[in-house]
Each structure stands twice: as C-alpha cells, then as structure tokens.
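Some notes on the structure that comes next.
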Amino acid sequence: MTETTERLPTFFLNHGGGPWPWMDGPMRRGYDQLEASLQAIIPSLGAMPKAILVVSAHWEEAVPHVSTSAAPPMLYDYYGFPEHTYHIRYAAPGSPELAARVQDLLLAGGMDCREDGERGFDHGTFSMMQPIRPEADIPIVQLSVLTSFDAAEHIAMGRILAPLREEGVLVLGSGLSYHNLRAFGAQGRAASHAFDRWLRESLVGFEGNQGARALERWMDAPAAMQAHPRPEHLLPLMVIAGSAEVDSCSVQFHQDDFFGGLAVTSFRFG
C-alpha cells in the first residue's frame, strides 16, 4: 500500500472501554463488531496515511495542546483492570513535524496552541489504534479537547485543521457517542438510543456545514444530558465535523450495542 496525498476521509470513532484489545472473556467479545470496524479503516483508504492525528477525549486543556514527543510513552488512564494491562505497549512513533504543523495551523487560524513533550498515548488512542494498525508503524500525534466544552470552538478547530486531510494525515476523533458512567448498562439504554437516533438523523447524508450546525445545538437533542453529563467524549466529533465541511456528507461507519444495549455510532466523513 502506497502513501496517499489525496484528501483523506476523517472519522469519529468509539474507542471502547479501557484496554479492551488486551483483554479476554465476555468483555473482550463484546467489542468484536467494534474491532472489525476499526480493522477496516486503513484498507478502506486505498493508501497508507503519512501520519495520524488523534483528537482525544481523554486529554482536556484550557487551550489546545499537541503532543510533540518523537517516542511517546504510555498513559494508563484507567483503573481496576488486570495487572498485565498496566504494562502493555503501543510503540508507534510520534511526529514532531506533524505536531509543529498542527500548531502552525491553529496559530495562523487565530487559536492558541501549546506543546506537550511529555504526553503519552492515553487509552482513547492506544486501545483504538491497536486494532486499526497493530504494526504500530504510523506516526501518531495527539490533540487535546478544550475545557470550555464549547461545541462551536471545537468545530472551528476542525475547520482550521482541515488542510491536513490533503497532506496525507488521517484525522481521527476518539470518544464515545454515549458516555454516562453512572448509567453504563441497561439503565442507559433508552437515553442512548434516543440520542444516537438524533446523531444519525443530524449527520448522515447532509452536505457541508449542516451537520456541524446541528452539533452546535447538541444540548437540545433528545436525552442529550443523560447521554453526556460531561461532553468530553462527544467533543472529538465536533472537531471531525468541522474538518469535514470542505467536501462531504457523513455516513454511519459503525453502529453497535454495548453493555446491555447502549447504542453507539461511529461516523465517517468524506
């Protein structure tokens, strides 16, 4: 597979729970459909991306921060999992060059951006990337979401970063389309399905900025606050939608029922 210089699609992906690719048993099997969808991403591109930018729900900062390490460490940002999951490695390189490009774009677009040379891969990145690219040979840079939780600000960030898609960079938003840890199971089923239905109706098949405009009003959606009492896992979708306004509509990339029937959907734009 050769490297691409054509405009790449961009994805909002459900990253699953904890270090699930390194687990066994029923929890692991519950992610079989998610795993298959993630494994299909690189083959679907037709060419190998030069690098990957991950907008991570697990990194919150007051202004955008970008990871600059050439050899990122691991950040085991979960608890209560088997001991071996605190020693796993996803050994992809970083890309100081891509980090500098992200920073330059954001600054030129009127948005501050800070460097973080110590930030490691969090589980929203490495648990997703393990099935996407187990070879761990594509450079990865992480970008934070903002503690403002402002949808329009994240959509604007995506618009500024859209040129990366024409530079061989695969831009991925890593989060969950339903994330209420206090109702993570059958008790969250109704809310998750109501909100997920709104997401699909708002995004799938719409051109240009229509999807982004709907996302700016996400708090008015059915069961919005039950699905996302804190919206950090939804914010990467805002960035992805902003970066996709240059060309295209969204398609439903993966739909699943997790943990007793929680509806979650991943989206591909472009």
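The values are calculated or read from the model by the stated rules, or taken from the named source; none is laboratory data. Everything numeric in this text was worked out from a predicted model, so none of it was measured. Positions of Cβ are backbone-derived with ideal geometry, glycine not excepted, and every protein chain shown enters the neighbour counts.
Hey, does the range 240-248 have a residue that's modelled with pLDDT of 95 or more, under 23 Å from residue 7 (Cα atoms) and not small (Gly, Ala, Ser)?
Within the range 240-248 (the criterion being modelled with pLDDT of 95 or more, under 23 Å from residue 7 (Cα atoms) and not small (Gly, Ala, Ser)), the answer is yes, since at least one residue qualifies.
Taking the conditions exactly as written (in contact with a helix residue (DSSP H, G or I) (Cβ under 9 Å, 6 or more places away or on another chain) and without any contact (Cβ under 8 Å) to a residue 60 or more places away in the chain), does residue 236 satisfy them or not?
no
Can you find even one residue in the range 212-223 that is in contact with a strand residue (DSSP E or B) (Cβ under 7 Å, 6 or more places away or on another chain), part of a helix (DSSP H, G or I) and touching a residue at least 24 places away in the same chain (Cβ under 8 Å)? First the steps, then the outcome.
To start, the set of residues in the range 212-223 that are in contact with a strand residue (DSSP E or B) (Cβ under 7 Å, 6 or more places away or on another chain) comprises none.
Scanning the range 212-223 turns up no residue that is in contact with a strand residue (DSSP E or B) (Cβ under 7 Å, 6 or more places away or on another chain), part of a helix (DSSP H, G or I) and touching a residue at least 24 places away in the same chain (Cβ under 8 Å).
Can you work out which of the residues in the range 2-29 that are of a type in the set (D, E, K, R), farther than 18 Å from residue 85 by Cα and in a loop (DSSP other than H, G, I, E, B) is modelled with the highest pLDDT? Talk me through it step by step, then tell me what you get.
Looking only at the range 2-29, we keep the residues that are of a type in the set (D, E, K, R), and these are 3, 6-7, 24, 28-29.
The next check asks that each one be farther than 18 Å from residue 85 by Cα; those that pass are 3, 6-7.
The next check asks that each one be in a loop (DSSP other than H, G, I, E, B); those that pass are 6-7.
On the way: 6: 84, 7: 92.
The selected residue is 7.
If you check every pair at least six apart or on different chains, which have Cβ atoms under 7 Å apart with a residue in the range 55-67 that is crowded, with 24+ Cβ neighbours inside 10 Å first and a residue that is of a type in the set (Gly, Ala, Ser) and at pLDDT below 95 second?
Partner pairs satisfying both residue conditions: none exist.
Identify all residues within the range 179-215 that are crowded, with 21+ Cβ neighbours inside 10 Å, farther than 18 Å from residue 232 by Cα and aliphatic (A, V, I, L, M); write none if there are none.
Within the range 179-215, 203 is the sole residue that qualifies.
Determine, yes or no, whether residue 142 is at pLDDT 95 or above and out of contact with any strand residue (DSSP E or B) (no Cβ under 9 Å at 6 or more places or on another chain).
Values: at pLDDT 95 or above: yes; out of contact with any strand residue (DSSP E or B) (no Cβ under 9 Å at 6 or more places or on another chain): no.
So residue 142 does not fit the description; no.
Does the range 248-265 hold any residues that are closer than 12 Å to residue 11 by Cα, crowded, with 17+ Cβ neighbours inside 10 Å and of a type in the set (Val, Ile, Thr), and which are they?
265
Could you check, for the range 30-41, whether at least one of its residues is closer than 22 Å to residue 93 by Cβ, aliphatic (A, V, I, L, M) and in a strand (DSSP E or B)?
no
Looking at the range 232-270 only, could you name the residues that are part of a loop (DSSP other than H, G, I, E, B) and in contact with a Pro (Cβ under 7 Å, 6 or more places away or on another chain)?
Our first condition is that a residue be part of a loop (DSSP other than H, G, I, E, B); within the range 232-270, this holds for 234, 244-249, 259-261, 270.
270, the sole residue that qualifies.
Please specify each residue of the range 170-223 satisfying the condition of being farther than 30 Å from residue 47 by Cβ and acidic (Asp, Glu). Full working, then the answer.
Quick first cut of the range 170-223, residues farther than 30 Å from residue 47 by Cβ only: 178-198, 201-202, 213-214, 216-223.
Listed by number, the residues that qualify are 196, 201, 216, 220.
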